[in-house]
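Peer 1: Here's a structure for you.
The values are calculated or read from the model by the stated rules, or taken from the named source; none is laboratory data. On a predicted model such as this, the values are computed, not experimentally measured, just so you know. All Cβ positions, glycine included, derive from the backbone under ideal geometry; neighbour counts span all protein chains shown. Side chains included, ligands, DNA and RNA excluded: accessible areas come from the protein's heavy atoms. Shrake-Rupley method; radii C 1.70, N 1.55, O 1.52, S 1.80 Å.
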Amino acid sequence: MRKRRLKTHKLLALILIVLIPLCLVSSIFVLKSFASDESGISENPPAKEQPKKKYVNKELTDKMQPQKIKRPQKPTGKTVYLTFDDGPTPYLNNFISVLKKEEVPGTFFFVGSTLTQMSKETASTIVKSGFSIGLHSYTHDARQLYRETSPTFIPEMERLKKDVQKKTGVTTNLVRAPYGSTYLTDKEYQKVKQAGFKLLDWNIDSNDWRYKDNSNSVIQSVMTQVKHMEKSNEPLVILFHERKNTLNALPTIIKQLKEKGYTFAAYFENTPFTEIFKE
């Protein structure tokens with residue numbers, strides 16, 4: 001019995017001798033593995049996922065940006081504004097053709113009573129060609145426009161402004177008073193400005209209305225006044241009408257102005273120059 005107990009004690013001692021080193025080795029291995037994991041986490045953090053690049057359609061974003069309106073440059077004494085009253089007439093397309101051929105712009109002041117004579121195609125051509133559009137009343141009747149009681153000047157311009165916008169897509173406050181702004185009383189002139197309209201008269205009258213079918217006289221009238229204006233160093237605002245004699249005279253007038261070194265511009269309401277009889 002005593003021998004059996006001795007053998008049992010020896011067996012347990014042997015087992016302990018084997019297990020204790022194994023446990024120590026396992027513990028050391030586990031501790032090293034844990035330490036290695038911790039150092040890996042602290043020294044080498046997982047890389048952040050890079051954000052995906054966003055590709056922008058530049059053409060689309062450019063279209064979304066508000067379009068800046070270019071302000072006309074301040075004119076010099078060698079600038080000419082060719083202005084044409086009383087249209088649209090059957091000659092309008094011919095005037096457009098001459099201006100485009102000569103590569104010069106023009107400013108057209110339309111009358112409401114004949115606005116229906118202008119086709120949408122013609123209206124589109126005027127706008128695309130860089131020409132300017134102004135208002136010249138609905139009736140062109142001085143007895144109504146400038147009468148003492150309830151003058152129709154402002155109401156007619158407001159009505160025409162709406163119709164021009166519908167016809168051409170252009171909203172304009174540029175106005176040429178029939179027969180000139182001198183017919184407006186001082187009180188009415190102030191009302192016109194308060195209504196937001198900008199008046200433009202002229203400093204050269206072609207007298208095409210006086211010479212009727214005589215184109216040579218129109219040419220001589222214009223160029224004589226141009227010569228007198230040269231020393232003033234002021235831009236030229238030439239008054240024409242949509243007439244056949246004017247149409248025939250126009251190429252020669254443009255040619256002679258170019259020879260004198262003049263450049264041409266369309267007049268817009270934000271042009272930093274004005275020619276008003278009332279001022």
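Peer 1: Which percent of the accessible area of segment 98-140 is formed by carbon and sulfur heavy atoms (probe 1.4 angstrom)?
Peer 2: 50
Peer 1: Per q in 0.11, 0.19, 0.20 Å⁻¹, report the Debye log10 I(q)/I(0) for segment 132-200, using one uniform scatterer on each alpha carbon and no solvent.
Peer 2: Values, matching the q order: -0.23, -0.67, -0.75.
Peer 1: Per residue, how much accessible surface does segment 68-215 expose to a 1.4 Å probe? Answer in Å², no decimals.
Peer 2: I get 52 Å² per residue for this part.
Peer 1: Next up: For segment 221-275, which whole percent of the accessible surface, found with a 1.4 angstrom probe, sits on carbon and sulfur atoms?
Peer 2: Roughly 50 percent, rounded to a whole number.
Peer 1: Just to confirm a number: summing +1 for Lys and Arg and -1 for Asp and Glu over residues other than Asp163 whose beta-carbon lies under 14 angstrom from that of Asp163, what do you get?
Peer 2: +4
Peer 1: So who's got an amide H within less than 5 Å of the one on Asp201, skipping anything under 5 residues away but keeping other chains? H placed 1.01 Å off N, in plane.
Peer 2: When sequence neighbours closer than 5 places are left aside, the close amide H contacts are Glu275, Ile276, Phe277.
Peer 1: Percent of alpha carbon pairs in segment 192-279 separated by more than 19 Å?
Peer 2: The answer is 44 percent, as a whole percent.
Peer 1: Just by accessible area at a 1.4 angstrom probe, what is the order of Trp202, Trp209 from largest to smallest?
Peer 2: Of Trp202, Trp209, the descending order of accessible area is Trp209, Trp202.
Peer 1: Could you tally the net charge around Lys128, taking each other residue with its Cβ under 14 Å from the Cβ of Lys128, Lys/Arg +1 and Asp/Glu -1?
Peer 2: Value of the local net charge: +1.
Peer 1: In a shell of Cβ-Cβ distance under 14 Å around Gln220, excluding Gln220 itself, what net charge do Lys and Arg (+1) and Asp and Glu (-1) give?
Peer 2: Local charge sum for Gln220: 0.
Peer 1: Please grab the % of Cα pairs in segment 133-279 that end up more than 23 Å from each other.
Peer 2: Every Cα pair in segment 133-279 considered, those over 23 Å come to 43 percent.
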